[in-house]
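Trainee: I have a structure here, written as structure tokens, and I will follow up with some questions on it.
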There are 2 protein chains.
Amino acid sequence: MSCRVGFVGLGVMGGPMAGHLLAKGFDLTVWNRTASKTRPLAEAGARVAESLEALGAACDAVVLCVNRTEDVRECLERLAPALARGSLAIDHSTISPVAAREFQARLRAEGIGFVDAPVTGGSMGAQKGQLTVFCGGEEDDVRRALPIVGAYARRAERVGGPGSGQMMKMANQIAVAGSLLGLCEALAFARKAGLDLGQTVELVGSGAAGSWAFQNYGPKILAEDWSPGFSIDNQLKDFAYCEEAAKAVGAAIPGTELVERLLADLRDQGLGGQTTAALYRRLLQLGSDS
Amino acid sequence: MSCRVGFVGLGVMGGPMAGHLLAKGFDLTVWNRTASKTRPLAEAGARVAESLEALGAACDAVVLCVNRTEDVRECLERLAPALARGSLAIDHSTISPVAAREFQARLRAEGIGFVDAPVTGGSMGAQKGQLTVFCGGEEDDVRRALPIVGAYARRAERVGGPGSGQMMKMANQIAVAGSLLGLCEALAFARKAGLDLGQTVELVGSGAAGSWAFQNYGPKILAEDWSPGFSIDNQLKDFAYCEEAAKAVGAAIPGTELVERLLADLRDQGLGGQTTAALYRRLLQLGSDS
């Protein structure tokens with residue numbers, strides 16, 4: 001098919017991703033809840049749809065990059081009647097794996113393909129077109145999605161059937177939780193023990209305790225820079241889906257639950273907009289004066 | 001001084017470390033509780049002391065590489081009367097930071113220097129002479145220790161006053177705990193979710209959840225190879241010192257405590273000799289059938 005692509009959700013992630021599609025020559029139509037965000041793309045040559053329904057009617061494939069499960073549900077309910085049989089929906093939002101399976105089944109019943117395709121790599125990865133994309137879905141649907149996703153991915157691959165992309169993203173967030181906990185707990189301990197924090201990040205981070213978190217969040221903590229990056233609010237959103245998924249598959253995730261509680265404490269202190277590395281601050285609070 | 005070095009504790013770590021001293025031309029005397037372990041070093045040219053006391057009397061610097069705090073205490077009690085004023089003791093064992101400070105103060109009162117110098121890098125690092133050594137002690141004592149330690153270290157540096165080397169090692173073990181938890185929890189979740197474990201290790205480990213643990217323990221878990229590496233028993237030994245140190249400085253280490261509980265469960269199942277990566281198995285056990 002001559003692929004007319006629609007892109008819904010032009011935020012910090014979606015904006016640059018849509019830009020890469022345009023730059024790669026895709027026939028692009030965009031829509032965003034806050035209409036002003038469509039302007040840079042319109043100026044660069046994208047069509048702007050007047051409504052979600054209009055976008056659905058004008059495209060062979062629709063890419064979503066919104067926020068929560070409920071946002072995806074609402075978009076798909078409005079898009080589905082407008083989308084032609086044989087069209088495809090690709091969802092880059094991180095949402096509940098259980099809901100992703102449900103969405104796939106519903107759309108499939110109407111002859112519409114669905115790929116759950118959450119990403120990692122952050123806003124920097126989106127800007128550089130260097131995201132990693134975990135694709136879950138029917139083989140044929142994923143095969144059709146990959147040329148589109150490839151416009152902004154360093155790496156994109158099928159990880160299993162419907163919902164598997166979200167499951168892989170949950171595994172990723174669970175691993176991130178442990179890694180972040182190790183970094184923040186070690187640095188809070190080092191601070192209390194009177195060690196030099198810079199030396200701790202450097203020495204500990206270069207050996208068997210080393211991690212992406214050490215390399216990237218270590219310097220942020222040293223600089224007491226609590227700006228996101230990835231915010232506590234967003235991490236807590238993902239952790240809620242982790243919990244739901246873990247319950248659905250019968251997995252125990254006590255480390256993730258611990259990090260979730262500690263970050264929720266920070267959110268309750270009004271710090272939900274800070275970087276997840278502020279977990280360090282919560283651990284300092286929990287220590288006693290010595 | 002013409003440095004006559006004594007080495008006590010010729011185990012998996014100490015044996016190769018003493019071998020590097022010999023290869024670098026140090027005048028080496030060794031002693032080991034199990035005398036047969038001195039044989040390879042004697043054949044390579046080391047003197048073998050008849051007793052700890054005889055070793056102390058014959059050396060300007062004594063290096064310890066034993067196991068627990070109590071082992072170090074006993075060695076130092078026997079060595080101290082034999083060591084000359086102005087001599088130096090270097091302890092590579094991972095022990096309680098609180099006890100390390102006490103040992104330094106006692107020896108200092110007798111004119112003997114003491115450097116707490118726990119290592120990271122494992123048996124492979126010891127064999128290759130590529131260990132990282134965290135040195136705590138008076139500046140002058142550490143300055144005298146570095147040429148000796150340099151025989152088997154890729155990196156050795158002073159991290160602060162007496163006990164600081166052990167404190168840095170505790171920070172390292174705390175960070176390792178989180179990193180290990182992230183890996184094992186993510187893989188146990190992935191297994192329950194029906195994801196391909198090899199693909200999970202590869203995809204998740206190459207992004208923001210990446211870590212030394214992912215690179216090194218991920219493949220071990222895939223292969224269901226539970227041989228140590230670093231055993232659960234040894235990790236639990238270190239965690240007990242982490243707890244003591246955290247209490248002493250007023251630090252909260254809930255993640256480390258969680259990993260400690262889970263590994264203790266495995267030890268209670270008779271699996272204390274397995275690799276710490278067997279934490280994955282405990283998390284699978286804690287999951288439910290779904």
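Read-outs: derived from the displayed coordinates by stated rules, not from any lab. This one's a predicted model, so the numbers in the text were calculated from it and none came from an experiment. Cβ placement follows ideal geometry from the backbone for every residue including glycine, while neighbour counts extend to all protein chains displayed.
Trainee: For segment A:208-219, in order, what is each residue's ³J(HN,Hα) by Karplus, 6.51 cos²θ - 1.76 cosθ + 1.60 with θ = phi - 60°, in whole Hz (x at glycine and Pro)?
Mentor: Calculated HN-Hα couplings, in order: 5, 9, x, 6, 4, 4, 4, 5, 9, 8, x, x Hz.
Trainee: Mind putting a number on the dipole of segment B:167-289 about its Cα centre? Charges go on the C-beta only, +1 for Lys and Arg and -1 for Asp and Glu, and I need it in Debye to the nearest 20.
Mentor: 100 debye
Trainee: Please list, in chain and number order, the residues 5+ apart from A:V48 or on another chain whose amide H is under 5 Å from its amide H, with Hs placed from the backbone.
Mentor: A:V30
Trainee: Could you list the trypsin sites (Lys or Arg not before Pro) in segment B:27-123 that lie in coil according to DSSP, counting only those with at most 15 other Cβ atoms within 10 Å of their Cβ?
Mentor: Passing sites in segment B:27-123 are B:R33, B:R85.
Trainee: To the nearest 0.05, what FRET efficiency results for B:E202 and A:R154 with a Förster distance of 22 Å applied to their C-beta separation?
Mentor: In this case the efficiency is close to 0.95.
Trainee: Further, regarding this structure: GNM on chain B, C-alpha springs below 10 Å: top fluctuator among B:V119, B:V63, B:V176?
Mentor: Highest fluctuation of the listed residues: B:V176.
Trainee: Please work out the Cα center distance from segment A:113-139 to segment A:17-46, rounded to the nearest Å.
Mentor: The distance from the Cα centre of segment A:113-139 to that of segment A:17-46 comes to 18 Å.
Trainee: So, one more: Once both labels are modelled 7 Å past Cα along the beta-carbon direction, what's the B:D140-A:D265 spacing in nm?
Mentor: It works out to 4.4 nm between the two label points.
Trainee: Follow-up. For segment B:167-289, I need the span (max minus min coordinate) of the C-alpha atoms along each principal axis, in Å, sorted largest to smallest.
Mentor: Its Cα atoms span 44, 33, 26 Å along the three principal axes.
Trainee: With each label point set 7 Å from Cα along the Cα-Cβ vector, what nm distance links A:E243 and A:E50?
Mentor: The answer from the label model is 4.4 nm.
Trainee: I'd like the mean, over residues of A:255-267, of how many other protein chain beta carbons sit within 10 Å of each residue's own Cβ.
Mentor: Partner Cβ neighbours, averaged per residue: 3.
Trainee: Enter the Cα centre distance for the pair segment A:202-225 and segment A:79-107, rounded to the nearest angstrom.
Mentor: 39 Å
Trainee: Hey, another quick one. Using Cα centres only, tell me the gap between segment B:55-74 and segment B:245-274 in whole Å.
Mentor: 28 Å
Trainee: Do me a favour and compute the ellipsoid semi-axes for chain A from its Cα gyration tensor, root of five times each eigenvalue, largest one first, whole Å.
Mentor: Listed largest to smallest, the semi-axes of chain A are 38, 20, 16 Å.
Trainee: Return the distance in nm (one decimal) between the two label points of a simple spin-label model at A:K24 and B:N216, each offset 7 Å from Cα along Cα→Cβ.
Mentor: It is 3.8 nm.
Trainee: Oh, and also: Which GluC sites (Glu not before Pro) in segment B:24-123 sit in a loop by DSSP (not H, G, I, E or B) and have at most 14 other Cβ atoms within 10 Å of their own Cβ? Walk me through the intermediate numbers first.
Mentor: Details: sites: B:E43, B:E50, B:E53, B:E70, B:E74, B:E77, B:E102, B:E110; in loops: B:E50, B:E110.
Those satisfying the criteria are B:E50, B:E110.
Trainee: Would you mind calculating the gained length between B:A57 and B:E102 on full extension (0.36 nm times residue separation, minus the Cα-Cα distance), in nm to one decimal?
Mentor: 13.9 nm
Trainee: Then there is this: Compute the Cα gyration tensor for the protein assembly as shown, then decide on rounded, prolate or oblate, letting a ≥ b ≥ c be the square roots of its eigenvalues: rounded whenever a/c is under 1.5, prolate when a/b is larger than b/c in the other cases, and oblate in all that remain.
Mentor: prolate
Trainee: Of the residues A:A190, A:A153, A:A223, which exhibits the maximal mean-square fluctuation in a Gaussian network model of chain A defined by a 10 Å Cα contact cut-off?
Mentor: Highest fluctuation of the listed residues: A:A223.
Trainee: Would you work out which of B:T29, B:G45, B:Q104 lies farthest towards the positive end of the dipole of chain B? Charges go on Cβ: Lys and Arg +1, Asp and Glu -1.
Mentor: With unit charges placed on the Cβ atoms, the residue in question is B:G45.
Trainee: A further question on this structure: Which cross-chain or sequence-distant (5 or more) residues have an amide H under 5 Å from the amide H of A:V63, H modelled 1.01 Å from N in plane?
Mentor: So A:V63 has HN proximity to A:G6, A:F7, A:V8, A:I90.
Trainee: I would also like to ask the following. Going toward the positive end of the dipole of segment B:140-207, with +1 on Lys and Arg Cβ and -1 on Asp and Glu Cβ, which of B:G207, B:G178, B:G165 do you reach last?
Mentor: The residue sitting farthest along the positive end of the dipole is B:G165.
Trainee: Just to be sure I understand: with springs between alpha-carbon atoms less than 10 Å apart, which residue in B:A99, B:A23, B:A89 has the highest mean-square fluctuation in the Gaussian network model of chain B?
Mentor: B:A23
Trainee: Evaluate the charge dipole of chain B about its Cα centre and quote only its size in Debye, nearest 20, assuming +1 on the Cβ of each Lys and Arg and -1 on the Cβ of each Asp and Glu. Each step should come with its number before you reach the end.
Mentor: Details: 29 positive and 32 negative charges, 97 e Å.
That gives chain B a dipole magnitude of about 460 debye.
Trainee: Sort segment A:1-132 into rounded, prolate or oblate with this rule: let a ≥ b ≥ c be the square roots of the eigenvalues of the Cα gyration tensor; rounded if a/c is under 1.5, and if a/c is not under 1.5, prolate when a/b is larger than b/c, oblate otherwise.
Mentor: Because a/c hits 1.5 or more and a/b fails to exceed b/c, segment A:1-132 counts as oblate.
Trainee: Would you compute, from DSSP H runs of 4+ residues alone, the mean residue ellipticity of chain A at 222 nm, taking -39500 (n - 2.57) per run and dividing by the full residue count, rounded to the nearest 500?
Mentor: -16500 deg cm²/dmol
Trainee: Could you size up the charge dipole of the protein assembly as shown around its Cα centre, putting +1 on the beta carbon of Lys and Arg and -1 on that of Asp and Glu, and report it in debye to the nearest 20?
Mentor: So the magnitude is around 880 debye.
Trainee: Apply the Karplus curve 6.51 cos²θ - 1.76 cosθ + 1.60, θ = phi - 60°, to the phi angles in segment A:11-22 and return the couplings in whole Hz, x for Gly and Pro.
Mentor: For segment A:11-22, the Karplus-derived couplings read x, 4, 8, x, x, x, 5, 4, x, 5, 4, 4 Hz, x marking Gly and Pro.
Trainee: Amide H neighbours of B:E157 under 5 Å, counting only residues 5+ apart in sequence or on other chains, H built in-plane at 1.01 Å?
Mentor: Those lying under 5 Å, H to H, from B:E157 are B:V133, B:C135.
Trainee: May I pose another question? Using a cut-off of 24 Å between alpha-carbon atoms, which lysines can reach B:K192, once sequence neighbours fewer than 8 places away in the same chain are excluded?
Mentor: Counting by Cα, and skipping residues close in sequence, B:K192 has these lysines nearby: A:K169, A:K237, A:K247, B:K220.
Trainee: ³J(HN,Hα) across segment A:76-91 via Karplus (A = 6.51, B = -1.76, C = 1.60, θ = phi - 60°), whole Hz, x for Gly/Pro?
Mentor: Calculated HN-Hα couplings, in order: 5, 5, 7, 7, 3, x, 8, 6, 6, 4, x, 7, 9, 10, 10, 10 Hz.
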